[in-house]
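Q: A single structure is presented below for examination.
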Amino acid sequence: MKGSKLYGSHAILILLPILLAFGVSSGLRVIAKASYTISISVSPSSGDVGDSFTVTASVSISGLDSGTAYVVMKTIAPDGSYSYYASSAQNAPPYRQWVPDDMPVSMTYSWTVTADKEGIYTSVIEITIDGDVAGGFLKDSRSATFEASSPTSPPSGSIDVSVSPISVQKGESVTISVKTDGYLPPNPSVYTYVYPPSSSDPIRTYAGTGTFTFTVPSDGPAGTWRISGVIKDQSNNIFASDTETFTVIDSTSSSSSHQTTSLPSIWVTATPNPADLGETVLIEVHYRYDWNKYYLPNPIQIKIGSSDWVNSAGKFEFTPTFSGTISIGVRGYFDRRDLPGSGFGTWVSNSTTLLVRKAVKLLLDYPKKVHVGDLINITAKLMCGDGLLKDRQIRVFVDEGEFHVKSGQSITILAERPGTIDISALFEGDQEYSPAQNGGGLIEVWTKPVLKVTIGAAG
């Protein structure tokens, strides 16, 4: 048979096996036989920190005539770390990738997670089919969430110890008040211990709450005495504690020394400190005074930054609008009981510094698609404004693995098999910069195209 020759006397046939939609002998034909279903559920869907939830995930696959398939199951904690991770190709049945001989496939997986952080836990089942599907490659996923909240009751109880007066002589008495508040463990025990100066052995122990009177022995040591109140659980572990002090003055001390020691004091606290920009901060005023000599401080005034002094009830909240350091001042007027309203009271002041951390952004640079055998570079960058923050520690999560790098550094991994690789990162924050996280995403790993060249016989 005569006819034109292609490239002289040779015919060249190029096959691309990765393009599974084309047949060699019969021309173009569509192969998309494989079908699948995946589902996932979480029970319960919400609870308190410390609660557990169960995840149930299912997969069914049928009609896979060529290629492989597998699923990945994972639960991602609020900070981006993995609370659970498993792959049917590695550490879950069947411990390898499914192939056509395994069809049909029907598997159900279940795992339990304890929520140790507040926030959303996202559980995912992800299927990857490399072969008998349209386009030759498919990935799909389903997810379900569990929301962990702070307990509705106070997270922990507290004990409050106060003593009055705060300065006595040997042989005199002090009044000790012990109160508890908030959530307490079952069958708690409350003890209050009185320690002499520089001693770890209590000289007196009181049980329960209420008001107690302690008389300093006439031969007791002068100096600072410590009163420690504790709440213990049924296992005798300390659940909460509080400490106060009072001063025992030697009878030989001068009256002026006694007056100096008994002056009232006032101070202010900010919680949390450091705080993040836009976070609500609780400001609380504390004071100590000899109730035999002074009345409660009135007024109490607060000064935040360069603002004016304003009267305060002793506790309020505010939200910082700029980062850096903020000076918080407090002052209070302690009127004298022996000369009330005469103006002979005492103004006492103090201050603290609130550190407001700067907001940052965590960036991840990585390729979105690679091939088996490729080296993958992943770079984590912590940015403040337009500037790169160097030497800050960042946690980078790659599937179930975790790596610690410094801002601007890269890690390199090898793409060993087709499928997907999960990438995310977390910066836990420090005294100057707020925490930040990057949920990242998926890197698709494809099988490399293979060129098969067949040269026909000369004709």
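Throughout, read-outs are computed from the coordinates displayed, never taken from laboratory work. Keep in mind it's a predicted model, so treat the numbers as computed, not measured. Counting neighbours? That spans all protein chains shown, and the Cβs are built from the backbone with ideal geometry, glycine included.
Q: Placing +1 on the Cβ of each Lys and Arg and -1 on the Cβ of each Asp and Glu in the chain, which of ASN236, ALA222, LEU364 has its Cα farthest towards the positive end of the resulting dipole?
A: Comparing the listed Cα positions along the dipole, LEU364 ranks first.
Q: Ordered by residue, what ³J(HN,Hα) values in Hz, to whole numbers, does region 231-244 give under the Karplus form 6.51 cos²θ - 1.76 cosθ + 1.60, where θ = phi - 60° and Gly and Pro are x?
A: Coupling constants for region 231-244: 10, 10, 8, 5, 8, 6, 7, 6, 8, 7, 8, 8, 9, 10 Hz.
Q: Using θ = phi - 60° and the Karplus curve 6.51 cos²θ - 1.76 cosθ + 1.60, what whole-Hz ³J(HN,Hα) does each residue of region 177-194 get, with Gly and Pro shown as x?
A: Each residue of region 177-194 in turn: 10, 10, 10, 10, 8, x, 6, 10, x, x, 6, x, 10, 10, 10, 10, 10, 10 Hz.
Q: So what is the calculated 222 nm ellipticity per residue for the chain, using -39500 (n - 2.57) for each DSSP H run with n of 4 or more, over all residues, to the nearest 500 deg cm²/dmol?
A: Result for the chain, helices only: -500 deg cm²/dmol.
Q: I want to check the label-to-label distance for ASP233 and LYS448. Put each point 7 Å from Cα in the C-beta direction and report it in nm to one decimal.
A: Modelled inter-label distance: 5.7 nm.
Q: Could you tell me the center-to-center distance, by alpha carbons, between region 108-154 and region 310-366 in angstrom?
A: Region 108-154 and region 310-366 have Cα centres separated by 44 Å.
Q: So if each residue of separation counts as 0.36 nm, and I subtract the Cα-Cα distance between SER351 and LYS315, what length gain in nm does that give?
A: 11.5 nm
Q: Which FRET efficiency value, to the nearest 0.05, do you get for TYR295 and TYR193 by plugging their Cβ-Cβ distance into 1/(1 + (r/R0)^6) with R0 = 30 Å?
A: Rounded to the nearest 0.05, the efficiency is 0.50.
Q: Given a cut-off of 34 Å, what percent of all Cα-Cα pairs of the chain lie beyond it? Mind dumping the intermediate values first?
A: Details: 62852 of 105111 pairs.
Taking all Cα-Cα pairs of the chain, the fraction more than 34 Å apart is 60 percent.
Q: Can I ask one more? Can you bin region 371-459 into rounded, prolate or oblate? Criterion: square roots of the alpha carbon gyration tensor eigenvalues sorted a ≥ b ≥ c, rounded for a/c under 1.5, prolate for a/b above b/c, oblate for the rest.
A: Prolate, since a/c reaches 1.5 and a/b exceeds b/c.
Q: Moving on to the next point. Where in the chain lies the longest segment free of trypsin sites (Lys or Arg not before Pro) that are both loop residues by DSSP (not H, G, I, E, B) and have at most 11 other Cβ atoms within 10 Å? Provide the component values of the computation, followed by the final result.
A: Working: sites that count: LYS2, LYS5, ARG29, LYS368, LYS390.
Answer from the scan: 30-367.
Q: Longest span of the chain, sites excluded, free of GluC sites (Glu not before Pro) in DSSP loop with at most 16 other C-beta atoms within 10 Å?
A: Value returned for the longest uninterrupted segment is 280-399.
Q: Using +1 at the Cβ of each Lys and Arg and -1 at the Cβ of each Asp and Glu in region 111-217, identify which of ALA115, VAL174, PHE146 lies farthest towards the dipole's positive end.
A: Going by the charge dipole, the pick is VAL174.
Q: Just need the relative contact order of region 139-237 here, percent rounded to a whole number, with Cα pairs under 8 Å and 6+ apart.
A: 31 percent
Q: Can I ask one more? Just to be sure I understand the model, the point goes 7 Å from the Cα along the line to the Cβ. What's the resulting SER173 to THR271 distance in nm?
A: About 3.3 nm separates the two model spin labels.
Q: How large is ³J(HN,Hα) for each residue in region 323-332, as worked out from phi by the Karplus curve 6.51 cos²θ - 1.76 cosθ + 1.60 (θ = phi - 60°), to whole Hz, x for Gly and Pro?
A: Whole-Hz 3J(HN,Hα) from phi for region 323-332: 8, x, 9, 10, 7, 10, x, 9, 8, x.
Q: Same structure again: Do me a favour and compute the ellipsoid semi-axes for region 153-257 from its Cα gyration tensor, root of five times each eigenvalue, largest one first, whole Å.
A: Working from the Cα gyration tensor, I get semi-axes of 30, 13, 10 Å.
Q: Which value, in debye to the nearest 20, gives the size of the charge dipole of the chain about its Cα centre, when Lys and Arg are +1 and Asp and Glu are -1 at the Cβ?
A: Rounded to the nearest 20 debye, it is 1260 debye.
Q: For region 263-357, with the dipole built from +1 on Lys and Arg beta-carbon atoms and -1 on Asp and Glu ones, taken about the Cα centre, which of THR325, VAL310, PRO340 lies farthest toward the positive end?
A: Toward the positive end, the furthest listed residue is PRO340.
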